[in-house]
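Chemist: Got a structure for you, questions after.
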Protein chains: 2
Amino acid sequence: MPMRIHAILVLVTACAVARLPGQSDDIRRRYQPVADRIMAAATADSAAWNRLAEMADRFGHRFSGSESLERALDWILAEMAKDGLAEVRGEPVMVPRWVRGLESAELVGPVRRPLPMLGLGGSVGTPTDGITAEVLVVSSFAELERRAEEARGKIVLFDVPWQGGYGPTVRYRSTGAIAAARAGAVAALLRSVTPYSMRTPHTGMTNYDSTVARIPFAAITVEDALMLHRMQDRGDRVVVRLTMGAQSLPDAPSRNVVAEVRGSERPDEVVVLGGHIDSWDVGQGAMDDGGGSVAAWEAVRLLHRLGLRPRRTVRAVLWTNEENGLRGGTAYRDRHEAELGKHVLAIESDGGVFRPEGFGFTGSDSAYAIVRQVGALLAGIDADTVSRGGGGADIGPIMQRGVPGMGLRTAGERYFWYHHTDADTVDKLDPRDMALCVAVMAVMAYVVADLEEPLPR
Amino acid sequence: MPMRIHAILVLVTACAVARLPGQSDDIRRRYQPVADRIMAAATADSAAWNRLAEMADRFGHRFSGSESLERALDWILAEMAKDGLAEVRGEPVMVPRWVRGLESAELVGPVRRPLPMLGLGGSVGTPTDGITAEVLVVSSFAELERRAEEARGKIVLFDVPWQGGYGPTVRYRSTGAIAAARAGAVAALLRSVTPYSMRTPHTGMTNYDSTVARIPFAAITVEDALMLHRMQDRGDRVVVRLTMGAQSLPDAPSRNVVAEVRGSERPDEVVVLGGHIDSWDVGQGAMDDGGGSVAAWEAVRLLHRLGLRPRRTVRAVLWTNEENGLRGGTAYRDRHEAELGKHVLAIESDGGVFRPEGFGFTGSDSAYAIVRQVGALLAGIDADTVSRGGGGADIGPIMQRGVPGMGLRTAGERYFWYHHTDADTVDKLDPRDMALCVAVMAVMAYVVADLEEPLPR
């Protein structure tokens, strides 16, 4: 063996040892059998997917303030009680109530054509007859600034390509109405925020500020945004009529749904895991985030069914109103403020229950070292990658109070194809993948809840 | 060199020689320079794609009997004249006129939910109030036969998975209403014929026969067909209300559009190339088959612009009414019946102008040997595969009269994602790919039109 290769091997071995100190061997020895048992039980059937499908088919989407959300919550609470879970309850949360009403967009010049659209959440409506105005298409905020003179009295369309992922593009959905109003526009349109389209509009939350008028704001499809841009480039005068019956009504009552496996030794110390049970008012909200919610619930049910009772409590929380208010996440923090010091870990799944790859983690270095070792228990199903950075919108408020946070990572290449659309339906998820997500969340929650020492902060 | 490898090399060399007889060297020597010139010119810009986009944006879809089709044909004829093409003309064709009218489907039990749908072409409508009936979901004709007793008075939904491609699945669209009516159903629904869905209904032609009642027939989305099937499997009573204003009106005038580069020596001998200019009444009909039509037109324009005048005439034909009648293809055959003996080749593009791979050919062995040698001229752009079997719906009637036929083959993996949907828009095609299709069609048409001897039958 040449010296150089030998030296590399020694280094690799040393690194491997450095990554697996004594506690790791201990975690593996103590918990691999139970982890294997959890993984086998989770993947023995399609229970999680079937439960999600039943919920999605019976109640459809679950938008904050809607009857379908509250009926779904009633059903979940009843099912959780039947499952025999502990401390099943709905914790009251007041949520915003934005209603879409009737809405449409039509190209009226240079030709007439319907434009499939979705008003953006929180948008104001138009007058009953709609707003008919010439369109100015821009590719960026910078172009709007350069052409601000041309925007006055018009409808500004942000035709922003999907570049560098969600973050750089969704800015236009969040603040496009503000920028357009600042330039004197009477309404705004957005190319849907997505890397792929089948003439599919995507909704999502938008914001106003107090310095400029609130103007109606809606998403059209990628296809139609490109078409309007081409028309403008050809010198055509593009005219659109936008009609939106959107309005914001008084807050409505909703609930965070909670169910537990109580800890055997330290029940007041808690590992929280969950997703958000509310969705946008389109499709079935199956991927975003019915799947994450049901996977967390199923993970806790699985522990209960297997008679696995860790030292600490494992608590599934199905947060309400992530999409247009985050009231569920903030209400959980406020209600449990005094107990947050004993929340040892919070896990969220909100990236779609596609094939799991592992977790992203936010917390101290010493905690990170431990959760990586727990993650290594998932090597058998290729879901053992625990990397730095991760959490979730709903656990954000308690992470800000110091609770270590973790987000489930999945192979969600098509997540943004379906995100906030009518195509977010249960068939986009695979029963086996979802079962693996249940397994992964159950193993992580169980082991962290059962360690002798709480996860260090 | 070991004996065995040497023997294989000798064999390979012999085969290569067998595949490239004298005429091949001749075709390559004589035509590679002009083929290269055509390919370079076709791919120098995005002219073809831009022309298609302009047509699609200005006129939208082009359904038989619609004003938008006839206005598009007027525009094409004017543009062809501006291009300086020869013998530009519209050849009259009477086409069926089916109108969709207002239509909708709604799930009314076990829950209420809108079902995105498209009536199938040729279907009868429902009474004004629609048809409300319980649904029987079946996976196949065989299951319907087994459960025929249950179908009486119901709406039959064919939830047939995409298996083995288009052929086995589209049978249900073609004859589903007949089978359902035979079992006593009052209407029929179809899971859209597609391998992929974003809650996208697909329309297409359906048929009746004279032995059973004509019942309304519409496509719903894959997602909703799966949902209704799950509901039935859970024991739910599934009830749908189907409302369709569809009707068949008297035939309407349309045209096949023709333009030529006249042959220099034998102008009465013709190579025909084209696509169908009509589309379904959804999307832009850009892929199916605006792209094939414009590519053929652009191929002829390119020859004209380059001053390339082959011995025989090269004729672009944009057939009307392929989708719901094939009247354009049959009218072309009838009008040109006496000249078909001098049609040396007919080429159709109706698989989407995606990246070209070559052609499929139907004709004699001796003709096949020659067109393969012509195809070899396209090796530089990886489009040199000429295989057995190919043609197109519009050239079918003249192929039945003995005209050798050829279909452009492209990398259309997603063709059936967009086929007959609102998502068939010009952005699904790539300018460079379309330019390559123009090049490939122009080279094949030019060289076959210029060979000393006509392609043998």
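Chemist: Among A:Y332, A:G245, A:I76, whose Cα lies farthest out toward the positive end of the dipole of chain A, if unit charges sit on the beta carbon of Lys, Arg (+1) and Asp, Glu (-1)?
Modeler: Comparing the listed Cα positions along the dipole, A:Y332 ranks first.
Chemist: Next up: Quick one: label points 7 angstrom along Cα→Cβ at A:Q247, distances to the other copies in nm, smallest first?
Modeler: Spacings between copies for this position, smallest first, are 3.8 nm.
Chemist: Considering every residue in A:50-58, what mean count of other chain Cβ atoms within 10 Å of its Cβ is obtained?
Modeler: Numbers: counts 2, 0, 0, 5, 3, 0, 2, 11, 5.
Other-chain Cβ atoms within 10 Å of each residue's Cβ, averaged: 3.
Chemist: Could you give the Stokes-Einstein D for the range A:306-347 in µm² per second, using the C-alpha Kirkwood radius, 4 °C, 1.567 mPa s?
Modeler: Working: Rh = 12.0 Å.
Taking Rh from Cα pairs, D becomes 108 µm²/s.
Chemist: Within the set of other residues whose C-beta is less than 14 Å from the C-beta of A:E67, count the net charge using Lys and Arg as +1 and Asp and Glu as -1. Write down the numbers at each step before the final one.
Modeler: Working: positive: A:R58, A:R62, A:R71, A:R97, A:R255, B:R112, B:R113; negative: A:E70, A:D74, A:D278, A:D281.
Around A:E67, the charge tally is +3.
Chemist: Now, a different point. Quickly estimate the mean residue ellipticity at 222 nm for the protein assembly as shown, helices only: each DSSP H run with n ≥ 4 gives -39500 (n - 2.57), and the total goes over all residues, rounded to 500.
Modeler: Details: 28 runs with 340 residues, N = 914.
Roughly -11500 deg cm²/dmol at 222 nm, from the helical runs in the protein assembly as shown.
Chemist: For the range A:353-457, give the share of DSSP beta bridges that are antiparallel, in percent and rounded to the nearest 5; count only bridges with both residues there. All intermediate terms of the calculation are to be shown ahead of the outcome.
Modeler: Values: 6 of 10 bridges.
In the range A:353-457, DSSP labels about 60 percent of beta bridges as antiparallel.
Chemist: Okay, next question. To confirm my reading of the symmetry, which residue of chain B has the Cβ nearest the axis that brings B onto A, and what whole-Å distance does it have?
Modeler: B:M198, 2
Chemist: Would you kindly work out, in nm and rounded to one decimal, the distances from the label point of A:E452 to those of the same position in each other copy, ordered shortest first, with label points 7 Å along Cα-to-Cβ?
Modeler: 9.6
Chemist: Separate question: What fraction of the DSSP beta bridges in chain A is antiparallel, stated in percent and rounded to the nearest 5?
Modeler: In chain A, approximately 55 percent of DSSP beta bridges are antiparallel ones.
Chemist: Determine the relative contact order of chain B: mean sequence separation of Cα pairs under 8 Å and six or more apart, normalised by residue count, in whole percent. Let's see the in-between values first.
Modeler: On the way: 1099 pairs, mean separation 94.2, N = 457.
Computed value for chain B: 21 percent relative contact order.
Chemist: Name all residues of the range A:296-323 having a backbone nitrogen under 18 Å from the label point set 7 Å from the Cα of A:A40 along its Cα→Cβ direction, giving them as ranges.
Modeler: Backbone N within reach: A:302-309.
Chemist: For the protein assembly as shown, what is the percent of antiparallel DSSP beta bridges, rounded to the nearest 5?
Modeler: On the way: 76 of 142 bridges.
Counting DSSP beta bridges with both partners in the protein assembly as shown, the antiparallel share is about 55 percent.
Chemist: Something else about it: Can you give the translational diffusion coefficient of the protein assembly as shown in µm²/s, computed by Stokes-Einstein from the Kirkwood radius over Cα pairs at 37 °C and 0.692 mPa s?
Modeler: Numbers: Rh = 30.8 Å.
Calculated translational D: 107 µm²/s.
Chemist: Still on this structure: Could you work out the relative contact order of the range A:277-412, using alpha carbon pairs under 8 angstrom and six or more residues apart, expressed as a whole percent?
Modeler: Numbers: 229 pairs, mean separation 39.4, N = 136.
Rounded, it is 29 percent for the range A:277-412.
Chemist: Could you please state, rounded to a whole Å, how far the C-alpha centre of the range A:297-361 is from the C-alpha centre of the range B:241-275?
Modeler: 62
Chemist: Taking square-rooted eigenvalues a ≥ b ≥ c of the alpha carbon gyration tensor, is the range A:328-389 rounded, prolate or oblate, where a/c under 1.5 means rounded and, failing that, a/b exceeding b/c means prolate?
Modeler: Details: a/c = 2.87, a/b = 1.58, b/c = 1.82.
Verdict is oblate for the range A:328-389.
Chemist: Using the Kirkwood formula on the Cα atoms of the range A:214-359, what hydrodynamic radius do you get, in angstrom to one decimal? If you can, show how the numbers build up before the last one.
Modeler: Working: mean 1/r = 0.0542 Å⁻¹.
Result for the range A:214-359, one decimal place: 18.5 Å.
Chemist: Of the GluC sites (Glu not before Pro) in the range A:194-278, which ones lie in a loop per DSSP and count no more than 12 other C-beta atoms within 10 Å? Could the numbers behind the result be given before it?
Modeler: Details: sites: A:E223, A:E260, A:E265, A:E269; in loops: A:E265.
In loop regions of the range A:194-278 (DSSP not H, G, I, E or B), the sparsely surrounded GluC sites (Glu not before Pro) are A:E265.
Chemist: Inter-copy label distances at A:L102, 7 Å along the Cα→beta-carbon direction, one decimal in nm, shortest first?
Modeler: Copy-to-copy label distances at A:L102, shortest first: 1.1 nm.
Chemist: For each of A:I220, B:I178, count neighbouring Cβ atoms within 10 Å of the residue's Cβ, then give the residues from fewest to most.
Modeler: Numbers: A:I220 26, B:I178 19.
The fewest-first ordering by Cβ neighbours comes to B:I178, A:I220.
Chemist: Tell me the net charge near A:D129. Cut-off is 15 Å between Cβ atoms, A:D129 excluded, with +1 for each Lys or Arg and -1 for each Asp or Glu. Don't jump to the answer; show the numbers that get you there.
Modeler: Values: positive: A:R241; negative: A:E103, A:E106.
Result for the neighbourhood of A:D129: -1.
Chemist: OK, next. What is the order of A:H61, A:H343, fewest Cβ neighbours within 10 Å to most? Mind dumping the intermediate values first?
Modeler: On the way: A:H61 23, A:H343 26.
Ranking A:H61, A:H343 by Cβ neighbours within 10 Å, fewest first, gives A:H61, A:H343.
Chemist: Using only alpha carbon positions, build the gyration tensor of the range A:365-450, then give the equivalent ellipsoid semi-axes as the square roots of 5 times its eigenvalues, largest first, whole angstrom.
Modeler: Working: eigenvalues 125, 65, 24 Å².
Over the Cα atoms of the range A:365-450, the semi-axes work out to 25, 18, 11 Å.
Chemist: Find the Cα radius of gyration of the range A:101-210, compare it with 2.2 N^0.38 Å by division, and give the number to two decimals.
Modeler: Details: Rg = 13.4 Å, N = 110, 2.2 N^0.38 = 13.1 Å.
Scaled against compact globular proteins, the figure is 1.02.
Chemist: Taking the Cβ of B:A185 as the centre, find all other residues whose Cβ is under 9 Å away and add up their charges (Lys, Arg: +1; Asp, Glu: -1). It would help to have the intermediate numbers written out before the result.
Modeler: Details: positive: B:R152, B:K154, B:R182; negative: none.
Residues close to B:A185 contribute a combined charge of +3.
Chemist: As an exercise, identify the trypsin sites (Lys or Arg not before Pro) in the range A:21-100 lying in DSSP coil whose Cβ has no more than 10 other Cβ atoms within 10 Å. Can you show the working numbers first?
Modeler: Numbers: sites: A:R28, A:R29, A:R30, A:R37, A:R51, A:R58, A:R62, A:R71, A:K82, A:R89, A:R97, A:R100; in loops: A:R62, A:R100.
Listed in order of number, the matching sites amount to none.
Chemist: Return A:E339, A:E298 ranked ascending by Cβ neighbour count within 10 Å, so the fewest neighbours appear first. Before the final figure, lay out the partial values.
Modeler: On the way: A:E339 12, A:E298 27.
Lowest to highest Cβ neighbour count: A:E339, A:E298.
Chemist: For B:K82, list the lysines whose Cα falls under 19 Å from its own Cα; do not include residues on the same chain fewer than 8 positions away.
Modeler: Those lysines meeting the cut-off do not exist here.
Chemist: Could you tell me the extents of chain B's C-alpha atoms along the three principal axes, largest first, rounded to whole Å?
Modeler: Projected onto the principal axes, the Cα atoms of chain B cover 71, 64, 39 Å.
Bear in mind that the values in this text are calculations on the coordinates, not laboratory data. Predicted, not measured: the structure shown is a model, and the values here were computed from it. Using ideal geometry, Cβ is built from the backbone for each residue, glycine included, and neighbour counts are taken over all protein chains shown.
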